Amino acid sequence: MSSSPLSGLLAAATPSPSPSGTTTPAVPSIQDAQESATHAASWVEENWSTWLAIGLRVLLIVVIAAVLRVAVRRAITKLIDRMNRTVQAVDGTAIGGLLVNVERRRQRSQAIGSVLRSVASFLIMGTAALMILSTFQINLAPLLASAGVAGVAIGFGARNLVTDFLSGVFMILEDQYGVGDSIDAGVASGEVIEVGLRVTKLRGENGAIWYVRNGEVKRVGNLSQGWATAGVDVTVRPSEDLDRVKAVLTDVGSVLSKEEPWNEMLWSPVEVLGLDSVLLDSMVVRVSAKTMPGKSLTIERELRWRIKRAFDHEGIRIVGGLPVQQDEDPTDPTAGMAAPSAYASTASPQSMAASPLTPPSTTK
């Protein structure tokens, strides 16, 4: 590459010293201007191919990166849609409708798609930016070294944030829980109202909203997947007829499983499992049923209600709780009386010493 034509113009415009010692600005002549224009034209002629090559290379990198980004994002969107369609095999059943509901499926897809699209865009555009810088012959080694040091510093400072983010990503990918599920996260329990990459929101039993960091969750118990179990312990007297008790409990479960809306909540017949324990003053009969997720407590309350009414009708007594107090007073009736005194007996020495002396009789 030749020298720049601006050097010719600067040399022509340099002031020249006068004979008197003062400097007067030199006026460029027409010949100098022609030479400068010739140098500029030749410099442009020599370098225009290089500029054009660099511009075309940058344009090609930008176009390829943009097209690749759009294609990858569209492929990720189709992949997420295909993941949603895989649950159609169980969509017609009650379990399938509860396991993968519309809101849960939508939010999970949005979270997974957002993460994958963001990662793809960062990788593609970051690589394109580095390629553009290398096209301008910029040394990337100091930049990459500085970025590595900054990444290590940020990683140490925000390790909890990174842990929460990664835990949230794997939690969503594995579909551990979703919106509407009742979970026990160890640090808090309740109904999931929002699932995020860093924080999960739970609605507690008393209405409080718990913000649980995903990195703090060590174990999760999902009470809304699959099915739940409703169990009721019935305590009766040991003198009751077990066959009669079992018949009454079976009739209660049979009637409950045929009525609306309990028949939809019950996914198996109410079973009398048998004696759970036998004591001197009572025996416990266990009743169990498989229910839809989240409805076990409702079924248990209704079973207790119906069992109590049926037992009252059949004259079967339910026992348990605190022992019944006796009507009579168990205390000693003489406990409030004082001990007998020595003065109560007239023959005791104390009583005789305390009695007044009899005055002597007078005789005439």
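The values are calculated or read from the model by the stated rules, or taken from the named source; none is laboratory data. None of the values given here were measured: they were computed from a predicted structure. Reconstructed Cβ throughout: ideal geometry from the backbone, glycine too, with neighbour counts over all protein chains shown. We work out accessible area using only protein heavy atoms, side chains counted, and drop any ligands, DNA or RNA first. Shrake-Rupley method; radii C 1.70, N 1.55, O 1.52, S 1.80 Å.
Specify which of the listed residues (154, 124, 138, 132) is at pLDDT below 85, in a helix (DSSP H, G or I) and surrounded by 10 or more Cβ atoms within 10 Å (Cβ to Cβ).
Details: 124 fails: at pLDDT below 85; 138 fails: in a helix (DSSP H, G or I); 132 fails: at pLDDT below 85.
Being at pLDDT below 85, in a helix (DSSP H, G or I) and surrounded by 10 or more Cβ atoms within 10 Å (Cβ to Cβ) holds for just one of 154, 124, 138, 132, which is 154.
Go through the range 238-250 and report how many residues are among the basic types (Lys, Arg) and either farther than 12 Å from residue 315 by Cα or surrounded by 18 or more Cβ atoms within 10 Å (Cβ to Cβ) (or both). Please lay out each step first, then the result.
Taking the range 238-250 as the starting set, the residues that turn out to be among the basic types (Lys, Arg) are 244, 246.
Then keep just the ones that are either farther than 12 Å from residue 315 by Cα or surrounded by 18 or more Cβ atoms within 10 Å (Cβ to Cβ) (or both); that gives 246.
Total meeting the criteria: 1.
Based on this model, can you work out whether residue 232 counts as surrounded by 14 or more Cβ atoms within 10 Å (Cβ to Cβ) and within 39 Å of the chain's Cα centre (by Cα)? Working first, answer last.
Details: surrounded by 14 or more Cβ atoms within 10 Å (Cβ to Cβ): yes; within 39 Å of the chain's Cα centre (by Cα): yes.
Yes.
Taking the stated definitions as given, is residue 253 surrounded by 15 or more Cβ atoms within 10 Å (Cβ to Cβ) and assigned to a helix (DSSP H, G or I)?
Working: surrounded by 15 or more Cβ atoms within 10 Å (Cβ to Cβ): yes; assigned to a helix (DSSP H, G or I): yes.
So residue 253 fits the description; yes.
Consider residue 199 carefully, then state whether it is among the hydrophobic types (A, V, I, L, M, F, W, C), open to solvent by less than 50 Å² (accessible area, probe 1.4 Å) and modelled with pLDDT under 80.
Values: among the hydrophobic types (A, V, I, L, M, F, W, C): yes; open to solvent by less than 50 Å² (accessible area, probe 1.4 Å): yes; modelled with pLDDT under 80: no.
So residue 199 fails the test.
Are there any pairs with C-beta distances below 8 angstrom linking a residue in the range 58-81 that is farther than 20 Å from residue 116 by Cβ to a residue that is surrounded by 11 or more Cβ atoms within 10 Å (Cβ to Cβ) and polar (S, T, N, Q), with the two at least 6 apart or on different chains, and if so which?
Hits for this filter: 58/135; 61/135.
I'd like to check something: does the range 260-275 contain any residue that is out of contact with any strand residue (DSSP E or B) (no Cβ under 7 Å at 6 or more places or on another chain), β-branched (Val, Ile, Thr) and surrounded by 14 or more Cβ atoms within 10 Å (Cβ to Cβ)?
no
When the residues of the range 112-164 are narrowed to those that are among the β-branched types (Val, Ile, Thr) and without any contact (Cβ under 8 Å) to a residue 40 or more places away in the chain, which ends up farthest from residue 218 (Cα to Cα)? Break it down stepwise before answering.
Within the range 112-164, the subset among the β-branched types (Val, Ile, Thr) is 112, 115, 119, 124, 127, 132, 135, 138, 149, 152, 154, 162-163.
Narrowing further to those that are without any contact (Cβ under 8 Å) to a residue 40 or more places away in the chain: 119, 138, 149, 152, 154, 162.
On the way: 119: 26, 138: 47, 149: 31, 152: 26, 154: 25, 162: 16 Å.
Only one residue fits best here, namely 138.
So for the range 173-188 (the condition being surrounded by fewer than 17 Cβ atoms within 10 Å (Cβ to Cβ), in a helix (DSSP H, G or I) and not aliphatic (A, V, I, L, M)), does at least one residue qualify?
Checking the range 173-188: at least one residue is surrounded by fewer than 17 Cβ atoms within 10 Å (Cβ to Cβ), in a helix (DSSP H, G or I) and not aliphatic (A, V, I, L, M).
Condition first: open to solvent by 30 Å² or more (accessible area, probe 1.4 Å) and under 27 Å from residue 191 (Cβ atoms). Now tell me which residues in the range 276-299 satisfy that. Before the answer, list the steps.
We begin by selecting, within the range 276-299, every residue open to solvent by 30 Å² or more (accessible area, probe 1.4 Å); these are 276-281, 286, 290, 292, 294-295, 297-298.
Listed by number, the residues that qualify are 290, 292, 294, 295, 297, 298.
In this structure, does residue 219 turn out to be touching a residue at least 24 places away in the same chain (Cβ under 8 Å) and either open to solvent by 70 Å² or more (accessible area, probe 1.4 Å) or at positive phi (or both)?
Details: touching a residue at least 24 places away in the same chain (Cβ under 8 Å): yes; either open to solvent by 70 Å² or more (accessible area, probe 1.4 Å) or at positive phi (or both): yes.
Yes, satisfied.
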